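Below is one structure, written out as structure tokens; the observations come after it.
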Amino acid sequence: MSQNKFSFQVTVETHNQTGDVVAVYFQIRKGKTKTTKEYAGGDLFADYDKRGELLGIEMLAPCRAAVLDRIAVGASEKRFVRRTVPRGMLVNA
């Protein structure tokens with residue numbers, strides 16, 4: 001089990017003129033990033049601490065739900081990400 005308690009937050013960046021979502025950051029827990037892994041051809045990045053615990057996920061383009069599910073493996077993490085992802089940033093195909 002995680003030694004670092006959850007600290008769920010979402011940051012959404014939008015286009016200044018259109019209001020379209022251009023990036024989303026899901027903070028799972030606070031901590032210092034040791035490693036960042038790239039997913040979905042560079043559209044998704046996951047930050048991990050020195051123990052390998054997920055700190056956050058950055059989405060730069062719409063991604064498949066399955067990719068997010070592979071990263072946010074814990075039930076609480078998965079539920080948070082799935083419930084807060086902005087419409088249009090999640091692709092089911």
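The values are calculated or read from the model by the stated rules, or taken from the named source; none is laboratory data. This one's a predicted model, so the numbers in the text were calculated from it and none came from an experiment. Here Cβ is always computed from backbone atoms with ideal geometry, including for glycine, and neighbour counts include all displayed protein chains.
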Mind listing whichever residues of segment 68-83 are farther than 19 Å from K5 by Cα and either polar (S, T, N, Q) or crowded, with 17+ Cβ neighbours inside 10 Å (or both)?
L68
Among the candidates Q9, Q17, single out the residue that is loosely packed, with under 15 Cβ neighbours inside 10 Å, of a type in the set (S, T, N, Q) and free of Cβ contacts under 8 Å to residues at least 12 places away in the same chain.
Q17
Could you list, in sequence order, all residues of segment 84-93 that are surrounded by 14 or more Cβ atoms within 10 Å (Cβ to Cβ) and assigned to a loop (DSSP other than H, G, I, E, B)?
V85, P86, M89
Report yes if some residue within segment 4-11 is modelled with pLDDT under 95 and in contact with a Gly (Cβ under 7 Å, 6 or more places away or on another chain); otherwise report no.
yes
Return only the number of the condition from (1) touching a Pro at 6+ places or on another chain (Cβ under 7 Å); (2) modelled with pLDDT of 95 or more that M89 does not satisfy.
(2)
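Conditions tested, residue by residue: (1) of a type in the set (S, T, Y); (2) modelled with pLDDT of 95 or more.
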{"residue": "F26", "(1), (2)": "no, yes"}
{"residue": "T35", "(1), (2)": "yes, yes"}
{"residue": "E38", "(1), (2)": "no, yes"}
{"residue": "K50", "(1), (2)": "no, yes"}
{"residue": "L60", "(1), (2)": "no, yes"}
{"residue": "C63", "(1), (2)": "no, no"}
Looking across segment 49-67 at residues that are surrounded by 12 or more Cβ atoms within 10 Å (Cβ to Cβ) and charged (D, E, K, R), the single one that is nearest to E13 (Cα to Cα) is E58
What number of residues within segment 41-72 satisfy the criterion of being within 19 Å of V85 (Cα to Cα) and part of a strand (DSSP E or B)?
12
Quick check on segment 32-48: of everything there that is small (G, A, S) and surrounded by fewer than 17 Cβ atoms within 10 Å (Cβ to Cβ), which residue is nearest to the chain's Cα centre (by Cα)?
G42
